[in-house]
Amino acid sequence: MKTVVSGIRPTGKLHLGNYFGAVLSFLEMQENYQSYFFIADIHSLTTHPTPENLHGNVKQVLAEYLAMGLDPDKCTLFVQSDVPQISELYTYMNMNAYLGELERSASFKDKVKNQRNNVNAGLLTYPVLMAVDILIHKADFVPVGKDQEQHLEMTRTYAKRFNNMYGSECFPLPDAYSQTGKLVKVPGLTNQGKMSKSGGEGDAIFFDDEDNLTHKKIMRAVTDSGPEKPNQEKPEAIQNLFDIMKLVSDDSTVKHFDDLYNACEIRYGDFKKQLSADVLKFVTPIRERIREIKSDDKYLASVAHTGAEKARESAEKTLKEVREIIGFRRFY
Ligand code: ADP
Ligand code: TRP
């Protein structure tokens, strides 16, 4: 069976974009692959070094993953820092990464610009740690968004370099996973770009927000004065709302409002009310489960514990092989 690995940094609550862009494909993959999904808490130290909410953020994402349907009996769900083998392999793999290529990484250049006062070495070697996350389970596929493609390319470079250097075939070269090419981009409510937690106030629809806040965000989404000609193309802000509706509403509902738009009879107030009702119908049961799971510390502990053990076992197997290949030998 092929293996997949994917991680998500615990930097806050999950939104509709995360669900349709990432978690939904995890749900499919756990049925057909040996799957490792993890919360990248070590990675989050490169930008969010706040001990007060580190654990809370990890707990939030773990509860959200479970509430959305990740099944610990079907996949290995774990917290990165629970697997010390990752940090050990990271130390070794750093010797295979060259300064020049790390400095050329787009995400590093971006961080140098945006967090000038905290350009730490962890940021520079972020792609090495990510490569290790993937290689330590000998993944064949990695489901990632476009922004992570360069990191995946670097992962292949390190894997190849390691294999060549030691004349081994230790690491398979992982490919990006995309479900038959249909990469989803969920638009935001206020931004022209993708829905994002950093997209500003009112942009993202979070699963763990209260109903009235979500309703308010949707009702406040900017529209225009309405179509003037039948069948005219929709401006981006309107198209974005339709795109969100397509994800959460029945086809007949979308068609109903599309027909009204094309006939220049749409009333945006009604349209947004319907969108809000359908978003809430989708989000509310998941939010209730998130809250139930978050209050069940025993369940979370058992999931994290089982996941850690399974992940450590797989990681230790690779690490043992790597230590041998590198030439470490114990005297005792
Ligand atoms: P954010 O942009 O809110 O910071 P992240 O960068 O943490 O989200 O993304 C976590 C995962 O969710 C990634 O796999 C990313 O590709 C996916 N994702 C985030 N936003 C969207 C979106 N609007 N549409 C599709 N996928 C998304
Ligand atoms: N860098 C990824 C992101 O920012 C998160 C991540 C860390 C990851 N390690 C990974 C994703 C391994 C896939 C595989 O979204």
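The values are calculated or read from the model by the stated rules, or taken from the named source; none is laboratory data. Since the model is a prediction, treat every value here as computed from it, not as a measurement. Glycine also receives a Cβ, built like all others from the backbone with ideal geometry; neighbour counts cover every protein chain displayed.
Can you tell me how many residues within the range 10-56 are under 16 Å from the mean Cα position of the chain (by Cα) and either hydrophobic (A, V, I, L, M, F, W, C) or more than 26 Å from Asn118 (Cα to Cα) (or both)?
Summing the residues that are under 16 Å from the mean Cα position of the chain (by Cα) and either hydrophobic (A, V, I, L, M, F, W, C) or more than 26 Å from Asn118 (Cα to Cα) (or both) in the range 10-56 gives 24.
Scan the range 42-58 residue by residue and report those that are in contact (Cβ under 8 Å) with a residue 24 or more places away in the chain and within 16 Å of Leu123 (Cβ to Cβ).
Selection gives Ile42, His43, Ser44, Leu45, Thr46, Thr47, His48.
Only one residue in Leu102, Leu123 is more than 15 Å from Arg9 (Cβ to Cβ) and either within 16 Å of ligand 2 (Cβ to nearest atom) or crowded, with 16+ Cβ neighbours inside 10 Å (or both). Which one?
Numbers: Leu123 fails: more than 15 Å from Arg9 (Cβ to Cβ).
The match here is Leu102.
Could we say that Phe141 is more than 22 Å from the chain's Cα centre (by Cα) and either surrounded by 16 or more Cβ atoms within 10 Å (Cβ to Cβ) or not assigned by TED's automatic domain parsing to the domain that holds Thr284 (or both) here?
Working: more than 22 Å from the chain's Cα centre (by Cα): no; either surrounded by 16 or more Cβ atoms within 10 Å (Cβ to Cβ) or not assigned by TED's automatic domain parsing to the domain that holds Thr284 (or both): yes.
It is false that Phe141 is more than 22 Å from the chain's Cα centre (by Cα) and either surrounded by 16 or more Cβ atoms within 10 Å (Cβ to Cβ) or not assigned by TED's automatic domain parsing to the domain that holds Thr284 (or both).
What residue, of Arg323, Arg289, is touching a helix residue (DSSP H, G or I) at 6+ places or on another chain (Cβ under 9 Å) and closer than 24 Å to Gly21 by Cβ?
Values: Arg323 fails: closer than 24 Å to Gly21 by Cβ.
Step by step, each of Arg323, Arg289 is checked, and only Arg289 is touching a helix residue (DSSP H, G or I) at 6+ places or on another chain (Cβ under 9 Å) and closer than 24 Å to Gly21 by Cβ.
Anything in the range 197-214 that is in contact with a Lys or Arg (Cβ under 6 Å, 6 or more places away or on another chain) and either within 22 Å of Pro285 (Cβ to Cβ) or of a type in the set (Lys, Arg) (or both)? List them, or say none. Break it down into steps so the answer makes sense when it comes.
Filtering the range 197-214 down to residues in contact with a Lys or Arg (Cβ under 6 Å, 6 or more places away or on another chain) leaves 202, 204, 206-208.
Listed by number, the residues that qualify are Ala204, Phe206, Phe207, Asp208.
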